[in-house]
1. If we only count helices (runs of 4 or more DSSP H) wholly inside the stretch 209-303, which ones have 1 or more residues that are buried (at least 21 other Cβ atoms within 10 Å of the Cβ), within 16 Å of ligand 1 (Cβ to nearest atom) and not assigned by TED's automatic domain parsing to the domain that holds residue 341?
2. For residue 308, indicate whether it is surrounded by fewer than 24 Cβ atoms within 10 Å (Cβ to Cβ), away from ligand 2 (no atom under 16 Å from the Cβ) and closer than 16 Å to residue 361 by Cα.
3. So, in the stretch 12-66, of the ones that are of a type in the set (Gly, Ala, Ser) and surrounded by fewer than 20 Cβ atoms within 10 Å (Cβ to Cβ), which residue ends up farthest from ligand 2 (Cβ to nearest atom)?
4. Of the conditions (1) modelled with pLDDT of 95 or more; (2) away from ligand 2 (no atom under 12 Å from the Cβ), residue 2 clears all except one; give me its number.
5. Output the residue which, of all residues in the stretch 588-607 that are in contact (Cβ under 8 Å) with a residue 40 or more places away in the chain and outside any helix (DSSP H, G or I), is farthest from residue 630 (Cα to Cα).
6. Based on this model, can you work out whether residue 130 counts as more than 14 Å from ligand 2 (Cβ to nearest atom) and more than 25 Å from residue 251 (Cβ to Cβ)?
7. Failed condition for residue 566, given (1) over 28 Å from the mean Cα position of the chain (by Cα); (2) crowded, with 23+ Cβ neighbours inside 10 Å; (3) over 30 Å from residue 526 (Cα atoms); (4) not hydrophobic (A, V, I, L, M, F, W, C), with all others met?
8. Hey, which of the strands (runs of 3 or more DSSP E) in the stretch 322-393, taking only ones fully inside, have at least 3 residues that are out of contact with any helix residue (DSSP H, G or I) (no Cβ under 8 Å at 6 or more places or on another chain) and not basic (Lys, Arg)?
Amino acid sequence: MKNIPIDNVRNFALMGHTGSGKTSLIDSILFKLGQVDRVGSPENGTSVADWTDEEKAHEISIWAKPFDGVYTAASRKVRRLVMLDTPGFADFIGQMVAASEVTDASLITIDASSGIQVGTQRAWKACEKRNLPRGIAITCLDKDDTDFDNTLLEIKERWGDDRCIPMVLPTSDGQAVDILNCPVGQIPDELKDRVKGIKDHLIELAAETDDSLMEKYFEGEELTADEFSEGLRKSVHDAHLIPIFATSVKTDMGVKETMDSISRLFPSPHDYPVSCAEGNEISAEEDQPFSGKVWRCFNDPFIGQLTFVRIYSGVLKPGMEIYNPTKNQKEKVSSILYVDGKKTTEASEAKAGDIVALTKLKHTYLNDSLCAPGATIQFEPIIFPSPVAAYAVEPKNKADADKIGMALHRATEEDPSTKLDHNTETHELVLWGMGDMHLDVTLEHIKNRSNVEMTHHTPKVAYKETITGRGEGHYKHKKQSGGRGQYGECYIRICPKDPAEENWFLNKIVGGAIPGGFITACEKGFVEGLEKGPLVGSKVINVQVELYDGSYHDVDSSEVAFKIAGSRALHLAIEQSNPVLLEPIMTMKVIVPDQFMGDISGLLNTKRGRILGMGPEDGLQAISADVPQSETFKFCSELRSLTSGQGSFEMEFSRYEKVPAHLASKITEAANSEKEG
Ligand SMILES: Nc1nc2c(ncn2[C@@H]2O[C@H](COP(=O)(O)OP(=O)(O)OP(=O)(O)O)[C@@H](O)[C@H]2O)c(=O)[nH]1
Ligand SMILES: [Mg+2]
């Protein structure tokens, strides 16, 4: 890669609603950068960006991917464009979040035929979080019934008239004008007044970035060309100016002008210092110690482990020793790769602003920091949304049982918005993700990569049981069948235990009715007895057991005999103590636009939800509610369809609660018939 000074690097992520043309724009840009000899398209499977089997099959992007190239702008200035294509589909939000955390700016795409959509708002929100500089490409302007000005108006109404300024305007004959670069004489008559008005407004925005420029402006003095362009860059940097670009990849309109405008206006890594965990600012200087953050890991079937790093400072070269402060491990840089879709190019060095993949790192994983040995620069980890949808998975062929653990482990390690949960109570392997599509794609990816097929079903709920009354139990385990017999007898009382109380076992044996060693054996029997309750065979919790009497035999008593006596006595006692079924309750926070409040309250009601509160949050409404876990497995898809994708939610385990009696009997019957069947 040509050695381009850091000041001339433009690093940005394409973000926006699914289908708004991000990947198509990347394909078009890569063609203009000379990276490919014809323009690829996600539509017909020729996209350089959407190249994986899963992306081709679903015709959407699934993973965030870096691309870069050297661009000679219309001004003859040479810029390096480092771009991240991100998926817009809601299930893959984790990839967009990661990309937005490691780039210096964002280009948000809005399909002119649809306007601002829920994915556009998600992208905007992610930018707001870091006050990320951003521009907006209005795409698909070749489509019927699209109108640049209508979409522009919608954008201005949503995000500010003064701030959202068109920089690349369409002409009535399907061309585009880069208003800052087009010589006045070449501006079509239809746009002359408009361009002048915009430029006047831009001068004001540029002047506002600096007191001395403001003074000049008020005194009627003209800003120099440098003052004007630097002022605009600063205004974009501060997200006070959001440049808007008119594009269509189908008619090749406005793409080059957008690249020129981005090259001119977007920040360089120098303009965007990041803070490390210790609070120090790391600036993108080559002569500073190397530092970087891992934002994605991927196991390439041919190359092996690829660790994608955003470099924040210094220079990285093959063969260098580096340090992973997150894991306190040394690493050695093997190859440094620029990855453009399927194509990889070995680099002799990489520096601040770059997004590269390192091969063969041994201890480094997603969200780890890397730095020069002795520097100990650590960055805050990227916070990913928690997964909310789950599949219980099983191998399709029993012979693959050994392989699925490894394959799932690898997939979840690569994708931070998935989680693997080995539920020891239901004995199920549960894969969590951001929605059914995400889970389906993860299973497809595993099948394509590891040749392991899985089936899935709704996970079982890990019910528990407890008692609501007191009970007594007595069991004498006595067997005489020739040779040494078995003997152990115990008497117990049980009662409900306060969850905060740690002590569940009370030894009230007096006078040596049961010798010490056999008391421990009884205790083991109680522990075993609590593992399988009488209702559905699940764990029994919050029970206090008091052992108060028993008897033993000098010859026949053994640990085993007392363990059996303990476990049986406990079961008898539980049966007398009004056992009840408990279910896990999740606390949910559902976020929806105002107009869906009624529908969501209704939906939560049908799910036995208890609304805890509601109130405004970031222009939307947040409803918090307690919902039994058994009712949450389909909530993700129901919420999406009810709100046309505009609702989102998160949830966490809260506590166990009694299952209402009418449901408990159904669950108990089902569990018993399953046992018998
Ligand atoms: N007519 C027209 N169609 C376009 C244009 N840009 C993209 N498309 C089509 O729109 C569809 C979606 O485009 P993508 O580039 O895959 O959209 P995306 O934003 O990457 O979508 P996700 O990856 O799902 O987030 C494809 O069928 C494209 O061919 C355009 O400028 N004009
Ligand atoms: Mg895409």
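The values are calculated or read from the model by the stated rules, or taken from the named source; none is laboratory data. What you see is a predicted model, and the numbers here were worked out from it, not measured in a lab. We place every Cβ from the backbone using ideal geometry, glycine too, and count neighbours over all the protein chains shown.
1. Details: elements: 211-218, 225-237, 255-265.
Here the list reads 255-265.
2. Numbers: surrounded by fewer than 24 Cβ atoms within 10 Å (Cβ to Cβ): no; away from ligand 2 (no atom under 16 Å from the Cβ): yes; closer than 16 Å to residue 361 by Cα: yes.
In short, no.
3. Within the stretch 12-66, the first condition is being of a type in the set (Gly, Ala, Ser), and the residues that meet it are 13, 16, 19-21, 24, 28, 34, 40-41, 45, 47, 49, 57, 61, 64.
Narrowing further to those that are surrounded by fewer than 20 Cβ atoms within 10 Å (Cβ to Cβ): 34, 41, 45, 57.
Working: 34: 22, 41: 11, 45: 13, 57: 14 Å.
Applying the filter and picking the extreme gives 34.
4. For residue 2, the exception is condition (1).
5. Within the stretch 588-607, the subset in contact (Cβ under 8 Å) with a residue 40 or more places away in the chain is 588-593, 596, 599-600.
From what's left, outside any helix (DSSP H, G or I): 588-593.
Numbers: 588: 13, 589: 17, 590: 17, 591: 21, 592: 22, 593: 26 Å.
Top of the filtered list is 593.
6. Values: more than 14 Å from ligand 2 (Cβ to nearest atom): yes; more than 25 Å from residue 251 (Cβ to Cβ): yes.
Spelling it out, residue 130 is indeed more than 14 Å from ligand 2 (Cβ to nearest atom) and more than 25 Å from residue 251 (Cβ to Cβ).
7. So the condition that residue 566 fails would be (3).
8. On the way: elements: 329-332, 336-340, 343-347, 355-359, 369-371.
Because the criterion is at least 3 residues that are out of contact with any helix residue (DSSP H, G or I) (no Cβ under 8 Å at 6 or more places or on another chain) and not basic (Lys, Arg), the strands (runs of 3 or more DSSP E) in the stretch 322-393 that meet it are 336-340, 343-347, 355-359, 369-371.
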